[in-house]
């Protein structure tokens, strides 16, 4: 058994040795073959490198030949171009030399022509002088006199032509404008029907008996003196038991009338009672003034108006112009302004606002000095009223031109309200002065024989000399008179100017 094991071990050892020897021999053989492969690869690489070098050298030689060939061709082309340029430059220089010579020759010709023209001009001037002398001798006029005469003739002919054109265009424009204006005004007037309120300068109170008259007068006239001092009015007691209260201030007169009526009704008349009743009546009137203003503003649909302005609007209730109540006139102008503005693309509410405030300065004239226009404009500027309102205040009395539709509408509405028949009572002296001024302006024009203001000064008839003024000039004359009247005369509404000319031809048969 041991021998068997020994044999097995020996066999195993022999097997291991044989395997190890075989592996070593195989490995050595492999490495010897790998070295042989590496040598073959290096040899092939050297062959490839040598062939690449030969190919590169061949390519370089071919490229060099091609470059040399192209360079030689480019040099040849450049030489040809240089020759062409040299020839072109030479030709141009030759041409410039010829042009320079032509210019010099032309310059000499021009100088020669200038000298010739100067001589001709001198000859012309001399001949003109000779002709002028001949004409002056023949006509008996100097050159300046003849020139003025010619200018006068040209001006006259031009005036006739301008007058003819103006007459045609004026007639067309007048017809269209009149039709459109009449339409706007008729729509405005028919859509508004305001009440007429005429104011007087005196109020009358009838007394029941002589006892009441005695109470009003008081002992030694004490009561009537107290009434006049407290109320600020003139009180006249007529023989027929009538009290006349007189004052230009409607507000004072209204308070005085109400106070005296309450005193007569109460029967207690003495200085202390007079002051007590007066204070009560005045407070009541002050409250009513604000209420009047608020009602006017509310009726016109105006919002955001300063309280000071509202009170002053109410005060217009106790102001009058030529007998026309100022508040009634103001409300009428406001309504008409809104209606007119709405028809010509303006803002209705803004026009009403401007119409309501256009005479607001009249509420201040009792307490402050200055015209109602300036006082009203300054007040509205201080209270930040719109520009249209301020412009309307100035424009309705001609101190500025209307700059907006709203202010123009106020001017038209103001004239419409003030100029309608019966709206105002004019003062006789101012009326006569206005008529005299209108007639004087017309008579001062050339060719006018007589001028007559008729229809209460609202129409002017101008009689002209037919031999001095033709039909076309009559149109211009009427426009000139109208413009001068607008500049120099203050008047309500409008004045119609009629220029009348008549041609008469008289012949006697013998």
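What follows is calculated from the coordinates using simple rules that are stated; it is not laboratory data. Not measured: the values here are computed from a predicted model. Glycine gets a Cβ as well: all are built from the backbone with ideal geometry, and neighbour counts include every protein chain shown.
Summary table below
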{"read-out": "Relative contact order (%) - criterion: Cα under 8 Å, at least six apart; region: the stretch 428-501", "value": "35 percent"}
{"read-out": "Proxy reagent accessibility, fewest Cβ within 10 Å first, across 220, 308, 292", "value": "220, 308, 292"}
{"read-out": "Distance between modelled label sites at residue 123 and residue 276, nm, 7 Å Cα→Cβ extension", "value": "11.9 nm"}
{"read-out": "Computed E for residue 471/residue 283 - FRET, C-beta separation, R0 56 angstrom, nearest 0.05", "value": "0.25"}
{"read-out": "Measure of compaction for the stretch 428-501 (Cα Rg per 2.2 N^0.38 Å)", "value": "1.04"}
{"read-out": "Rounded FRET efficiency, nearest 0.05, which uses the C-beta distance separating residue 102 from residue 443 and R0 of 60 Å", "value": "0.20"}
{"read-out": "Point-to-point label distance, residue 8-residue 45, nm (Cα→Cβ direction, 7 Å offset)", "value": "5.6 nm"}
{"read-out": "Inter-label distance, nm, simple model (7 Å from Cα along the C-beta direction), residue 382/residue 307", "value": "1.7 nm"}
{"read-out": "Long-range Cα-Cα pairs in the stretch 263-322 (distance over 13 Å), rounded percent", "value": "67 percent"}
{"read-out": "Efficiency of FRET from Cβ geometry, residue 88 and residue 62, R₀ 41 Å, rounded to 0.05", "value": "0.55"}
